[in-house]
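To start, the structure under review is shown below, and the notes come after it.
The values are calculated or read from the model by the stated rules, or taken from the named source; none is laboratory data. The model shown is predicted, which means the values in this text are computed figures rather than measured ones. Reconstructed Cβ throughout: ideal geometry from the backbone, glycine too, with neighbour counts over all protein chains shown.
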Amino acid sequence: MRAVALALCCTAVGACGFEPEGAIPFDPPQAYRTWWAETEVCSGKRGDFSEIRWAAVPGRAFTCPSGTCVGRWEPGDRIFLADAYREHELVVRHEMLHALLGRSGHPNPPFGHGCPLTWETWYDRRTIDGPVID
């Protein structure tokens, strides 16, 4: 019973769970709304963009439960982005897709087929030469 109460308390106040060191909240740029709409279309899922809480983590990557991350969605509609990747469409939309699905993991579809939002499937439409390798 005590564990259930603690879990409910953590959920209610947002005090439990993953939060990278040095994460700084930020307001999403307008481009994120366009990317959100595109991600809704490719996934067939709808969500409330205004519910997402965004935070930037200083640097090119940060330590997360799965290793080293450049982006991370967490339950409660929290998205953390390494500062160096805040304008990287693939990274931002990848985390948006997690938020729309409400889960971690990379089921295909929609990851890959439907929404090419993995390193392996991403095609940067801003280049003529094909996929961008970072």
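Among the residues of the stretch 42-62, which ones are more than 21 Å from PHE26 (Cα to Cα) and surrounded by fewer than 12 Cβ atoms within 10 Å (Cβ to Cβ)? Of everything in the stretch 42-62, those that are more than 21 Å from PHE26 (Cα to Cα) and surrounded by fewer than 12 Cβ atoms within 10 Å (Cβ to Cβ) turn out to be GLY44, ARG46.
Considering only the stretch 27-59, state which residues are part of a loop (DSSP other than H, G, I, E, B) and touching a residue at least 60 places away in the same chain (Cβ under 8 Å).
Result: GLY44, LYS45.
Meeting the requirement of 3 or more residues that are buried (at least 16 other Cβ atoms within 10 Å of the Cβ) and modelled with pLDDT of 90 or more, the strands (runs of 3 or more DSSP E) wholly within the stretch 63-134 are 71-74, 78-82.
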